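Notes follow once the structure below has been shown.
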Amino acid sequence: MNARTRTRVRTVLVSSVLGALVLGPLAGAAAAQPQPPLRTASAAVDGPDTAALEKALVGIPDGDVSAALVRVGGKGSWTGSAGVRDLRTGAPALENARFRAGSTTKTVTAALVLHLVAEGRVDLDAPVTRYLPGLLPASFTEPPTIRHLLTYTSGLQPGANLGSTTEEMYENRFRTLTPERVVAAAVAKGPAFTPGERQVYRNIDYTVLGLLVEKVTGDSYEHQAEVRLFRPLGMRHTSFPAGPDPRVHGPHHRAYADIGGVTTDVTEWNMSDRWAAGNMISTTADLERFLVALFEGRVVPQRLLDQMFTVPDIEGATYGMAWQRFVHNGTEIWGKTGSRPGYHTVLAATRDLSRTVVHSVNAKSAREDGFPLVARFALPAFNR
């Protein structure tokens, strides 16, 4: 990766471009204050489309997005931040803010499992019941393999949850739902389809993989992530909440969602039900560090990395192991998104690391169709 350009450029956006805040009752204090400046770091001449990236940050807060952090690397690099850390105070966004990384957690879980495969402690094509006996009832005549779980082709049905809408989940945001209860509810329904027959993206596969990591290592999933990945890679600001702790510790932005038509602070939230599928807290710099190390083959051996980026030969399949393949402007990109109420995260890169992007966006629309946020803040990195 090219050295990151250090020159800082500060641009104060004029009010005619920004417009007024329209984020509901919480926005009053921020609206009365001057718009925080857009902060960017420049890129090399052959780098990403900086004009499009800068345009994406203009006008934040904008009625949906309250803060955005974007980090681009590869051949030329660029960083940008915009918005506020708190709508009540209007304090500017923090470039080192910690955030709920949502389902990008799955990339860490997949790496942990492949660590165990590399050590000969797990066989990718062994049934999960070899490692978790008693997991599945008799209705599972063909147990899914570890590979099936990693590639979302297990046939497991969704597990227990604390609501299907943001409003329902918000009412239960301080309740705890253990992974064991989540999995028990899923397997009690029986299989949805024969393993390997279809690819259906679900959290349940990675919840089971978290239990696998604990069973095989005799240690907690969280500690295994720390000693195998976070600590060796220098990801000093990445962690998991302590059990049901609803707080984001360290510097962070407030997160907001639309609850009953009212902009509501959703920062404090017990996400333990997402666990190995979506409970990680991180920073854009830490996730970039993980992304680059993984793609360079420094996290799992190359032979297993190639399998991680292999999409099953199933009609409509787009995912390998955690990572999804897609094409933009003729460029093959591997990425993973994550969304929780008020938080949207993206990790994406070309296999050769000629371009990488990590973004964290605080948006009320984070749990809706996330593609508009991807198109606005991530895809411009791959325009050229």
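Among the residues making up the stretch 208-230, those that are aliphatic (A, V, I, L, M), farther than 17 Å from Ala186 by Cβ and under 19 Å from the mean Cα position of the chain (by Cα) are Ala225, Leu229. Annotation for the stretch 109-117: no member residue is touching a His at 6+ places or on another chain (Cβ under 7 Å) and at pLDDT 95 or above. One residue stands out in the stretch 277-321 among those that are aliphatic (A, V, I, L, M) and under 16 Å from Ser103 (Cα atoms): the one that is surrounded by the most Cβ atoms within 10 Å (Cβ to Cβ), namely Met280. Does Pro341 satisfy the condition of being at pLDDT 95 or above and surrounded by fewer than 15 Cβ atoms within 10 Å (Cβ to Cβ)? Taking the combined requirement at face value, the residue does not satisfy it. Tell me, please, whether a residue that is assigned to a loop (DSSP other than H, G, I, E, B), at pLDDT 95 or above and over 21 Å from Thr267 (Cβ atoms) can be found in the stretch 367-380. Yes, the stretch 367-380 contains at least one residue that is assigned to a loop (DSSP other than H, G, I, E, B), at pLDDT 95 or above and over 21 Å from Thr267 (Cβ atoms).
Conditions (1) out of contact with any helix residue (DSSP H, G or I) (no Cβ under 8 Å at 6 or more places or on another chain); (2) in a helix (DSSP H, G or I); (3) among the aromatic types (Phe, Trp, Tyr); (4) farther than 26 Å from Lys364 by Cβ, marked per residue:
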| residue | (1), (2), (3), (4) |
| --- | --- |
| Glu197 | yes, no, no, yes |
| Val200 | yes, no, no, yes |
| Asp205 | no, yes, no, yes |
| His223 | yes, yes, no, yes |
| Arg228 | no, yes, no, yes |
| Arg236 | no, no, no, yes |
| Pro246 | yes, no, no, no |
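State which residue is nearest to Val300 (Cα to Cα) when the search covers only the stretch 114-155 and only residues that are in a loop (DSSP other than H, G, I, E, B) and β-branched (Val, Ile, Thr). Taking the candidates together, the pick is Val122. Screening Leu149, Leu162 for residues that are closer than 24 Å to Phe240 by Cβ, at pLDDT below 95 and surrounded by 14 or more Cβ atoms within 10 Å (Cβ to Cβ) leaves exactly one candidate, Leu162. Residues of the stretch 329-361 that are among the charged types (D, E, K, R) and either over 18 Å from Leu287 (Cβ atoms) or touching a residue at least 60 places away in the same chain (Cβ under 8 Å) (or both): Glu332, Lys336, Arg340, Asp352, Arg355.
Quick check on my filter: what residues within the stretch 60-91 are over 14 Å from Val361 (Cα atoms) and not in a strand (DSSP E or B)? Residues satisfying the conditions are Lys75, Gly76, Ser77, Leu87, Arg88, Thr89, Gly90, Ala91.
The sole residue among Glu167, Glu180 that is surrounded by fewer than 18 Cβ atoms within 10 Å (Cβ to Cβ), touching a residue at least 24 places away in the same chain (Cβ under 8 Å), in a helix (DSSP H, G or I) and in contact with a strand residue (DSSP E or B) (Cβ under 7 Å, 6 or more places away or on another chain) is Glu167. Of all residues in the stretch 342-356, how many are outside any loop (DSSP other than H, G, I, E, B) and either under 18 Å from Thr310 (Cα atoms) or touching a His at 6+ places or on another chain (Cβ under 6 Å) (or both)? So the answer is 4. Only residues that are buried (at least 24 other Cβ atoms within 10 Å of the Cβ) and more than 20 Å from the chain's Cα centre (by Cα) were counted in the stretch 84-137, giving 3.
In this structure, Asp49 does not satisfy being over 19 Å from the mean Cα position of the chain (by Cα), charged (D, E, K, R) and either modelled with pLDDT of 95 or more or buried (at least 24 other Cβ atoms within 10 Å of the Cβ) (or both).
The values are calculated or read from the model by the stated rules, or taken from the named source; none is laboratory data. Everything quoted here is computed from the prediction, not taken from an experiment. Positions of Cβ are backbone-derived with ideal geometry, glycine not excepted, and every protein chain shown enters the neighbour counts.
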